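The block underneath contains the structure these notes are about, expressed in structure tokens.
The values are calculated or read from the model by the stated rules, or taken from the named source; none is laboratory data. This one's a predicted model, so the numbers in the text were calculated from it and none came from an experiment. FYI the Cβ positions are ideal-geometry reconstructions off the backbone, even for glycines, and counts take in every protein chain you see. All accessible areas refer to the heavy atoms of the entire protein, side chains included, with ligands and DNA or RNA removed. Shrake-Rupley method; radii C 1.70, N 1.55, O 1.52, S 1.80 Å.
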Amino acid sequence: MTTVEVIGPHLDDKGGVSTVNRNYRAAGLFRNDADDLQVRFFPSTRDGQVFTRTIYGAWRLAYFALRPWGFPTIVHLHTSWRGSCVRKSLYAWVAHLRGARVVFHIHPSRFYDFVDQQATWFRRIIYASLRRAEVIVVLTPEMKLWTEERIANVSVRVMPNPVDPGGFGASDDVVRDSAHAAFLGRFAREKGLFELLEAVRRLHDRGVDVDLTLAGGKDEGQVLAELNRLRLTDIVSVRGWLNRPAVAELLRRCTLLVLPSYTEGLPMVLLEAMMCGTPIVSCPVGGVPLIVKHERNGLLVPVGDVVALEAAIGRLLSSPQLCQEISGNNIADASGFRSESIVRDLRLMYGDIAAGIGAP
């Protein structure tokens, strides 16, 4: 029997990687109906204060390394950047020492930029771990090219993030708001959040009817200070991290979703918006242009361009017909990201690895 251990942040955590694995779970990846393939999930970290996260992460790694029972045939590592790189490299070396085959699943598009900027010892650890992988999974063809330039003789497979169609989808019972923009994600400068606030201020000053909901968290204090400075507190609602039903409800009700990030992989929130038929305004970075086609699924604007962002938001707010056309396109195009088909591909990949074939 082939046993697979999928390692990533706790399934109850916030963030895109946890959402990806929750969608895998919803599509049956960990259901294990087939006798010849058993897939289980192993949480490596979880949300909390730095000290708590550090202790929990160290305990999980030690438990993974020292447990006497049932070590898996394949270890599937979901890795991001910063501390995740080192942590998952340590998991990889433990897996190698215990005879398991390793899959590295790289999520952020700027993963290699981040690694290449680090100290020599750091780069050597990460690249040595990647070179010993059986398969490296990436989110976009562009990331595949970057990987093949750096890592020789390792199979690289492109696999988009999955969306759970059971939790997201359009609804005939929900009427969209007429002038409601939404942002979902970390409150961070690299998400283009401050450019978004400036664009909304400009629209408001021109007399355009617009409300904005910010759902997420992190640097909330900076965001609130900026809202006060721009005098936007009356038209901008700041909410914390939303549970999945609340995210779906917001995406079904808002007029459009705005994600003007400086860098992205394959953002889950954009895929979820498409499932809900929500028009999108974003930037052509990372894997975004693979899912958001300009004028079809939404509008793409240059990174950091407040004027272009203002114009794109205003255009969608003032054109119900364009929003309706984009909504229909998004519902149709989102079918290619349904989690069931991606889970099927994952299981086939596991079978190929176990048979010594590798992945295409």
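Brief remarks follow.
- Per residue, the convex hull volume that the Cα atoms of the range 103-247 enclose (Å³): 168
- Solvent-accessible surface of the chain, taken per residue with a 1.4 Å probe and all protein chains present: 43 Å².
- Extension gain, Arg296-Asp12: 0.36 nm per intervening residue step, less the Cα-Cα distance, totals 98.9 nm.
- Of all accessible heavy-atom area on the chain, the percent that carbon and sulfur account for (1.4 Å): 51
- Against the chain, whose longest principal axis comes from its Cα atoms, helix 220-230 is set at around 20 degrees.
- Note on the chain: lysine pairs with Cα distance below 26 Å, sequence gap of 8 or more or different chains, count 10.
- The phi-based Karplus calculation (6.51 cos²θ - 1.76 cosθ + 1.60; θ = phi - 60°) puts the 3J(HN,Hα) values of the range 12-23 at 8, 6, 7, x, x, 5, 5, 4, 4, 6, 5, 5 Hz, whole numbers, x for Gly and Pro.
- Length-normalised contact order of the chain in % [C-alpha pairs under 8 Å, at least 6 apart]: 17
- In the range 163-278, inverting the average of 1/r over every pair of distinct C-alpha atoms gives 14.6 Å as the Kirkwood radius.
- For the range 292-360, the alpha-carbon coordinates run over 56, 27, 13 Å along the three principal axes, in decreasing order.
- Crossing angle, helix 339-354 versus the chain [Cα axis fit, 0-90 degrees, rounded to tens]: 20
- Equivalent ellipsoid, the range 23-155 (semi-axes from 5 times Cα gyration tensor eigenvalues, Å): 24, 20, 16
- Amide H contacts of Leu299 (H built 1.01 Å from N, in plane; Pro and chain starts excluded): Ile280, Val281, Ser282 sit under 5 Å, all sequence-distant by 5 or more or on other chains.
- Three-way shape label, the range 259-340, alpha-carbon gyration tensor, a/c 1.5: oblate
- Helix 50-66 vs. the chain, principal-axis angle (Cα, 0 to 90°, nearest 10): 30
- Whole-number percent relative contact order across the range 129-254, with pairs defined as alpha carbons under 8 Å at least 6 apart: 25
- Solution diffusion estimate, µm²/s, Stokes-Einstein, the chain, Kirkwood Rh from C-alpha pairs, 25 °C, viscosity 0.890 mPa s: 115
- Based on C-alpha pairs under 8 angstrom that are at least 6 apart in sequence, the range 1-109 has a relative contact order of 29 percent.
- Stretch gain in nm, segment Thr233-Arg67, where the contour uses 0.36 nm per residue and the Cα spacing is subtracted: 54.5 nm
- For the range 139-144, backbone phi angles converted through the Karplus equation (6.51, -1.76, 1.60; θ = phi - 60°) give residue-by-residue couplings of 8, 9, x, 5, 5, 4 Hz, Gly and Pro being listed as x.
- Taken about its Cα centre, the range 1-101 carries a charge dipole of about 340 debye when Lys and Arg each add +1 at the Cβ and Asp and Glu each add -1 at the Cβ.
- Per-residue ³J(HN,Hα) for the range 127-133, Karplus 6.51 cos²θ - 1.76 cosθ + 1.60, θ = phi - 60°, Hz, x for Gly and Pro: 5, 4, 5, 5, 5, 8, 6
- Dipole magnitude of the range 76-137 about its Cα centre (Cβ charges: Lys, Arg +1; Asp, Glu -1), debye to nearest 20: 160
- Estimated from helices alone, the mean residue ellipticity of the chain at 222 nm is -13500 deg cm²/dmol (sum of -39500 (n - 2.57) over DSSP H runs with n ≥ 4, per residue).
- Dipole magnitude for the chain: about 1260 debye, using +1 per Lys or Arg Cβ and -1 per Asp or Glu Cβ, origin at the Cα centre.
- Under-5 Å amide H pairs with His180, H placed in peptide plane, nonlocal only: Asp211, Thr255, Leu256
- Here Ser341 and Ser171 are evaluated by their C-beta separation; at R0 = 22 Å the FRET efficiency comes out at 0.45.
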